[in-house]
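The values are calculated or read from the model by the stated rules, or taken from the named source; none is laboratory data. In this text, all values refer to a predicted model and were calculated from it rather than measured experimentally. Counting neighbours? That spans all protein chains shown, and the Cβs are built from the backbone with ideal geometry, glycine included.
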Amino acid sequence: SEIPTLSLLYKLHRITDVREPLFSPNATFNDKISIIRQDITTLEVDAIVNAANKSLLGGGGVDGAIHRAAGPELLDECETLGGCETGESKITKGYELPAKYVIHAVGPIYGTGRRGLSVEELLAGCYRSSLEHAVGKELKSIAFPAISTGVYGYPSGEACEVALNEVRRFLEEGKGEGLERIIFCNFLQKDEDWYHRMVSKYFPPV
Ligand code: AR6
């Protein structure tokens, strides 16, 4: 709740590079969105999303950080899940994390589609599927890392637009009414910069 909303960022003129909007201004939506740069494992939210791989058995990057911070019980639960398809996600408890749940999403490796689905559709699927888990469990807050933009090589600017577009579409469909906060949690300054640069295309100022 100390994390500023997009509405506040616009008010404080923290975001000045206003793009041609693809959607109409919506204060209710802007009040739900935050863009931050932080270690996602420190967030006290209902769910953090993990950028996992198909095995769901851990790895490097944000996946490694989440497993380290959650403790070994997270891996125990992940071992019962039978992996996950690219573009989809599975939910576990958060164990020693401040977050109640972890939603493990498997992003695409840039340049590789699956069964007629493009990398863009697969990445969008990660965001949609994670939001559906959150709504299914009646969660109020969810934080996403920049899925696929590390080891999986998805260009940051393109990935940021896919993420913003899919979250906006989900809200536009009326599916996110119970969600009070959707946080784009970046680790690198360049990724946060991309969100600040592109957000007004999908969530224009009111
Ligand atoms: N908090 C928030 N974001 C983070 C953190 C953190 N603590 N650490 C890294 N990031 P990556 P991918 C950012 O490589 O590209 C793993 O081995 C990072 O800067 O973690 O989806 C999995 O097991 C980048 O912007 O995930 C898979 O095998 C973003 O998280 C594979 O990597 C994603 O980078 C998945 O690759």
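List of remarks:
- Within region 11-23, residues that are over 13 Å from Glu161 (Cα atoms) sit with their Cβ atoms under 8 Å from residues that are among the β-branched types (Val, Ile, Thr) and surrounded by 12 or more Cβ atoms within 10 Å (Cβ to Cβ), at 6+ positions apart or across chains, in these pairs: Ile15/Val199.
- Considering region 2-13, and only residues there that are surrounded by fewer than 15 Cβ atoms within 10 Å (Cβ to Cβ) and assigned to a helix (DSSP H, G or I), the residue that is modelled with the highest pLDDT turns out to be Leu8.
- Within region 149-156, not a single residue is of a type in the set (Phe, Trp, Tyr), under 14 Å from the mean Cα position of the chain (by Cα) and buried (at least 19 other Cβ atoms within 10 Å of the Cβ).
- Those residues of region 166-206 which are more than 16 Å from the ligand (Cβ to nearest atom) and over 19 Å from Leu9 (Cα atoms), in sequence order: Arg169, Phe170, Leu171, Glu172, Glu173, Gly174, Lys175, Gly176, Glu177, Gly178, Leu179
- Matching entry among Glu96, Glu73 (being without any contact (Cβ under 8 Å) to a residue 60 or more places away in the chain and either within 16 Å of the ligand (Cβ to nearest atom) or surrounded by 22 or more Cβ atoms within 10 Å (Cβ to Cβ) (or both)): Glu96
- Of the strands (runs of 3 or more DSSP E) lying entirely inside region 14-98, those containing at least 2 residues that are in contact with a strand residue (DSSP E or B) (Cβ under 8 Å, 6 or more places away or on another chain) and basic (Lys, Arg) span 89-93.
- Residues of region 99-128 satisfying the condition of being touching a residue at least 40 places away in the same chain (Cβ under 8 Å) and either among the acidic types (Asp, Glu) or surrounded by fewer than 22 Cβ atoms within 10 Å (Cβ to Cβ) (or both): Lys100, Tyr101, Ile109, Tyr110, Gly111, Glu120, Ala124, Arg128
- Condition check for Asp17: surrounded by fewer than 19 Cβ atoms within 10 Å (Cβ to Cβ), modelled with pLDDT of 95 or more and closer than 17 Å to Asn186 by Cβ: no
- Every condition in (1) among the charged types (D, E, K, R); (2) closer than 15 Å to Tyr152 by Cβ; (3) within 12 Å of the ligand (Cβ to nearest atom); (4) over 15 Å from the mean Cα position of the chain (by Cα) is met by Arg68 except one, and the failing one is (2).
- The criterion of at least 3 residues that are closer than 16 Å to Val45 by Cβ is met, among helices (runs of 4 or more DSSP H) falling completely within region 111-204, by 119-136.
- Taken residue by residue, region 51-74 has no member that is of a type in the set (Ser, Thr, Tyr) and in contact with a His (Cβ under 9 Å, 6 or more places away or on another chain).
- Residue within region 154-164 that is over 17 Å from Leu6 (Cα atoms) and touching a Gly at 6+ places or on another chain (Cβ under 8 Å) present: yes
- Single match in Ala143, Ala159 (criterion: buried (at least 20 other Cβ atoms within 10 Å of the Cβ), more than 23 Å from Ala99 (Cα to Cα) and touching a residue at least 12 places away in the same chain (Cβ under 8 Å)): Ala159
- Checking Phe144 against (1) of a type outside the set (Gly, Ala, Ser); (2) within 16 Å of the ligand (Cβ to nearest atom); (3) at pLDDT below 95, the condition it does not meet: (3)
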